[in-house]
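Encoded as structure tokens, the structure appears first; notes follow it.
The values are calculated or read from the model by the stated rules, or taken from the named source; none is laboratory data. Quick caveat, the model's predicted, so the values are computed rather than measured. In this analysis, Cβ positions are derived from the backbone assuming ideal geometry, glycine residues included, and neighbour counts consider all displayed protein chains. Note: areas computed on protein heavy atoms with side chains; ligands, DNA, RNA excluded. Shrake-Rupley method; radii C 1.70, N 1.55, O 1.52, S 1.80 Å.
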Amino acid sequence: MAEYTIVSVEDVPNQATEVGMDAEHFEIRFLRESLGLRNFSVTFERFGGGWQPPQGHPHRRGHRHTIQEEVYFLVSGHAQGKFDGEVIDIAPWTAVRVPPETVRSFRAAGEEDAMFVTIGAPQVGTEDVEFVPDYWTD
């Protein structure tokens, strides 16, 4: 018999508050455990449109990794990404690869939510993350 796993994203808990973010304006669902992934991670992320977090808010932070490389795939909405200080606009159905050492952060650009599917490899867990506070300054 074939081996496979099916998971509804809605059935995976939103861990926005666990990672210090505002669950009203941000959603993050880590699918690696639910899918039983061994070598990479898959995450669903929603960045709330039309919302500007105040200075000092965790939603303004960036992050980088020591080991994990990531691909962010924008499924819907429009977004901006900031990579080592450079801001770029991202259109739907665009994939962005980010090496581990590059500081990155994303936000919705406009009133519509920006929804990403993020793939990271190798799967290393949260010990590999370094946060950079107040990465978005505008």
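With N denoting the number of residues in segment 1-130, provide Rg(C-alpha) divided by 2.2 N^0.38 Å, to two decimal places.
Cα Rg divided by the expected 2.2 N^0.38 Å: 1.04.
Could you compute how fast segment 78-138 diffuses translationally, taking Rh as the Kirkwood radius over C-alpha pairs and applying Stokes-Einstein at 25 °C with viscosity 0.890 mPa s? Give it in µm² per second.
For the chosen part, D equals 189 µm²/s.
Using only alpha carbon pairs under 8 Å that are at least six residues apart, calculate the relative contact order of the chain and give it in whole percent.
Relative contact order of the chain: 29 percent.
Counting only protein heavy atoms and using a 1.4 Å probe, what share of the accessible area of the chain belongs to carbon plus sulfur, as a whole percent? Numbers along the way, then the final one.
Values: 4090 of 7770 Å².
That share works out to 53 percent.
About the Cα centre of the chain, how large is the charge dipole given +1 on each Lys and Arg Cβ and -1 on each Asp and Glu Cβ? Please answer in debye to the nearest 20.
200
Using a 7 Å offset from the Cα along the Cα-to-Cβ direction at both Glu86 and Asp134, what is the distance between the two label points in nm, to one decimal?
Label at Glu86, label at Asp134, 2.5 nm between them.
What number comes out for accessible area per residue over segment 46-88 if the probe is 1.4 Å? Units Å², please.
About 46 Å² of surface per residue is accessible.
Can you give the FRET efficiency to the nearest 0.05 for Ser8 and Ile119, using r as the Cβ-Cβ distance and R₀ = 22 Å?
0.75
Under 20 °C and 1.002 mPa s, how fast does segment 8-52 diffuse according to Stokes-Einstein, given a Kirkwood radius computed over C-alpha pairs? Answer in µm²/s, whole number.
190
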